[in-house]
Amino acid sequence: MTIRNLINRNEDIVHPFTSTESVEKILLDNYYVVVMDNGEFKGIVTQPDIIKAGHNLIIDCIIPKAKLSANDDLTKAIDTMQEEKQFTLPVFDDTDTYIGSLSYTRIMENIYKSGQGPIKDVVVPISNIEVNINNVIGPEEFEAAKQMFISELSHFTKNSIQVIYSSLELYKVAKENEEKDELLSSIYDNTKKIDGIVNKLIQQYFTEVN
């Protein structure tokens, strides 16, 4: 299966000289923005890019990223993302024209929903730690519950995980105690949110019924 049908084409596009402050809400909700100048693709800027670059203008926060082709298969896309440590990448057509982007989360959601994967074992990146997940296949009825559980877990925890990641990156460079306290509070609140989501999903899908 190629990545063509997983490409996100409905994106937030900003001008290169847009201020980083003005796109904070977009980045919090959607993780990245596409930078275009009169229809010319300049790059993708993600939450971590803003934190690492630390500049006031979007154009100064563009970090070069590997290109994907719309004809690439899922395994190649996953390998590229893991090698580059970049989990949202631009996608180009046969004429080298930008047509959208692909995120690691979108690939994983597709794998979970379809119940099939391009590889038996999936390596999930968490910061710079790699976790190997064995795709154990069970009876049909249990497999359906597992796939739905994983799909909903990914969907409902994605934003909170991104907030935690961004808050941790900001904490590294924070100087004021008040700012550090706010970031820790954000991490704590979103950790509790994830814990609540996991507990609710476990109860919904895996609680034994007498």
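The values are calculated or read from the model by the stated rules, or taken from the named source; none is laboratory data. Please read all numbers here as calculations on a predicted model, not as lab measurements. Every residue, glycine as well, gets a Cβ built from its backbone with ideal geometry; the counts of neighbours run over all protein chains shown.
Being under 18 Å from Ser166 (Cβ atoms) and surrounded by fewer than 16 Cβ atoms within 10 Å (Cβ to Cβ), is that true of even one residue in segment 67-85? Reasoning before the result, please.
The initial filter retains those residues of segment 67-85 that are under 18 Å from Ser166 (Cβ atoms), namely 85.
Adding the requirement that they be surrounded by fewer than 16 Cβ atoms within 10 Å (Cβ to Cβ) leaves 85.
Yes; the residues of segment 67-85 include at least one that is under 18 Å from Ser166 (Cβ atoms) and surrounded by fewer than 16 Cβ atoms within 10 Å (Cβ to Cβ).
Do any residues in segment 1-16 that are more than 20 Å from Asn38 (Cβ to Cβ) and modelled with pLDDT under 90 have Cβ atoms under 9 Å from those of residues that are surrounded by fewer than 16 Cβ atoms within 10 Å (Cβ to Cβ) and among the acidic types (Asp, Glu), where the two are at least six apart or on different chains, and which pairs are they?
Filtered contacts from segment 1-16: Met1/Asp73; Thr2/Asp73.
Mind checking which residues of segment 37-66 are without any contact (Cβ under 8 Å) to a residue 40 or more places away in the chain, surrounded by 14 or more Cβ atoms within 10 Å (Cβ to Cβ) and small (Gly, Ala, Ser)?
Ala53
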